[in-house]
1. With the condition kept exactly as written, say whether any residue in region 279-290 is modelled with pLDDT under 95 and of a type in the set (Ser, Thr, Tyr).
2. Looking only at region 208-231, filter to residues that are part of a loop (DSSP other than H, G, I, E, B) and aliphatic (A, V, I, L, M); which one of those is farthest from the chain's Cα centre (by Cα)?
3. With the requirement that a residue be under 28 Å from Lys285 (Cβ atoms) and without any contact (Cβ under 8 Å) to a residue 40 or more places away in the chain, what does region 340-379 give you?
4. For region 118-127, check the following and say yes or no: at least one residue is in contact with a helix residue (DSSP H, G or I) (Cβ under 9 Å, 6 or more places away or on another chain) and not small (Gly, Ala, Ser).
5. Could you grab me the full set of residues in region 63-114 that are of a type in the set (Asp, Glu) and buried (at least 16 other Cβ atoms within 10 Å of the Cβ)?
6. Do you know which residues across region 268-312 are surrounded by 13 or more Cβ atoms within 10 Å (Cβ to Cβ), under 28 Å from the mean Cα position of the chain (by Cα) and of a type in the set (S, T, N, Q)?
7. I'd like to verify a number: residues in region 178-209 that are under 30 Å from Asp465 (Cβ atoms) and surrounded by 20 or more Cβ atoms within 10 Å (Cβ to Cβ), how many?
8. Could you tell me which residue of region 30-60 is nearest to the chain's Cα centre (by Cα), considering only residues that are within 30 Å of Gly98 (Cβ to Cβ) and surrounded by fewer than 15 Cβ atoms within 10 Å (Cβ to Cβ)?
Amino acid sequence: MLVLCAGLDLHGADKPAPQPKPRPQALLLSEVLASVQGQYPPYLAALIEMDMANGRVRQALGSFDLNLNAGGTASLAGYYDGNTGYAMLEQPLPFWGGSVHGGYRLSSGYLPNYNKDRTGVDGETVIGFKIPLLRDGTIDRRRAALWQAQIDQELADPIILRQYLDFIRAAGISYYTWVAAGQRLTLAEELLRVAKDRDNAIAEQVRKGASAPVVQIDNRRLVVSREIAVVQAQRRLQATAIELSLFYRTRDTAEPIIPARSRVPSTFPAHPRPDDAQMTADIAKAAIFRPEIRRIELLMEKTGIDRRLAKNNLLPSLDVGVEAGQFLGENRPKDLERNEVEAKIEFKLPLQRREAKGRMDMADATLARLEQERLFTRDKISADVRDSYSALDAAFDTLRMTRLNVDLARQLEQAETERLKQGATDLLALQIREQASFDARVLEVDALAEYFRAQTNYRAAMAADAPRKVGR
């Protein structure tokens, strides 16, 4: 009967057993990095660089816009009383620096025979083109500006990627620092619990006269000191959680999320020993995927356009053009043919050309400087990978030794506990062993955090987390 009624209350109604509240899942580094990619304001601000580069390309394309030119003249005083007006469309060409134009001209009144704007009553249609044969042929300011703006589009990628790698590195370091702070707090609380449990036992012994009251006072002092350590560990965890919230944000509004302590992982991820044989390959990968060299190469390409433009400006100008006109209607001056074609040629040569020579010297000097920067950057990337690998290898060795230190400290603590039970030692000796064991475990946590911070630096040095394409 008791078994049958075990699940019933006094009124015979079913009473469901309380369900334990599920523990929140541990916060993973992948969640933080995904938040950086999608919600981190500095990274989103860096992506705007691409929009700015696109705007510069559109601005440069404006040099090739179709232009409408209109105007006219009017004789206000003098022998001739003629008036003229015109409307022309001019289209610069994206190749060989040429342009085409066409439009309409109309004159009225009396104009001299030599006036080229003289037309019949119905006006004249005009079409023509102009092409440079020497200067501004293969390159001119308009095309140079457009090509450089297009290079700026490509330059946005390494600029954004460099910032992205820095943000990912900072987020990873902040994450592992937070995990270490949470585990340090757990250790401090465990050490405090041991002291509180012992305090109850000592109080009972003092009550029975088996221990002196001073023993209880000493243990209470230890409890207070360990409570202080817990408060300090809580503050450290809060500080690291607030720092981590800069990278970990809500999906919709990108508001910072301060992760709760319940989301601190109980253990660190796997931590394999670094492979010496892999470092050479990682240096080669870093030279390919790190954005610094690509940025310098694009700057050299951009400066090369400046040099080509300066070399172009050393040439003389030799422009040729053809313009054809057709008079409309029959009422036109007798000395004008219905169809007229006129060829034009113009030669111009600056004798000193100091501006072009100066630009050439500047471009050559800039290219030489960028070449030296490229060589040094390649060496620096190699040094970064080697140094971060060295730090990772040292962190692994330190971690191995801290684990040995933890094992030895635990053995001593257990041995001292047994001696205390046998009355062969005192409480002070046990407290010293407990503190040494705690310090050893804290050193292990710090060594684990340092290992993963070194691993984060190593991955950043070889651009292991570089996306194939940056952008939204």
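The values are calculated or read from the model by the stated rules, or taken from the named source; none is laboratory data. As the structure is a prediction and not an experimental result, all values here were calculated from the model. Glycine gets a Cβ as well: all are built from the backbone with ideal geometry, and neighbour counts include every protein chain shown.
1. Pass one, region 279-290, residues modelled with pLDDT under 95: 279-290.
Filter once more, keeping what is of a type in the set (Ser, Thr, Tyr): 280.
Looking for residues that are modelled with pLDDT under 95 and of a type in the set (Ser, Thr, Tyr), one finds at least one in region 279-290, hence yes.
2. Going through region 208-231, the residues part of a loop (DSSP other than H, G, I, E, B) turn out to be 209-212.
Among the residues that remain, those that are also aliphatic (A, V, I, L, M) are: 210, 212.
Details: Ala210: 67, Ala212: 65 Å.
Per the criteria, the residue is Ala210.
3. Filtering region 340-379 down to residues under 28 Å from Lys285 (Cβ atoms) leaves 367, 369-379.
Residues satisfying the conditions are Arg369, Gln372, Leu375, Phe376, Asp379.
4. Just the residues of region 118-127 that are in contact with a helix residue (DSSP H, G or I) (Cβ under 9 Å, 6 or more places away or on another chain), to begin with: none.
No, region 118-127 has no match at all.
5. If the condition is that a residue be of a type in the set (Asp, Glu) and buried (at least 16 other Cβ atoms within 10 Å of the Cβ), then Glu90 is the only one that fits.
6. Within region 268-312, just Thr303 meets the criteria.
7. Within region 178-209, the first condition is being under 30 Å from Asp465 (Cβ atoms), and the residues that meet it are 178-186.
Subset that is surrounded by 20 or more Cβ atoms within 10 Å (Cβ to Cβ): 178-185.
Residues that pass the stated criteria total 8.
8. Taking region 30-60 and keeping what is within 30 Å of Gly98 (Cβ to Cβ), we get 53-60.
Within this subset, residues satisfying the condition of being surrounded by fewer than 15 Cβ atoms within 10 Å (Cβ to Cβ) are 54-55, 58-59.
Working: Asn54: 18, Gly55: 20, Arg58: 24, Gln59: 25 Å.
Top of the filtered list is Asn54.
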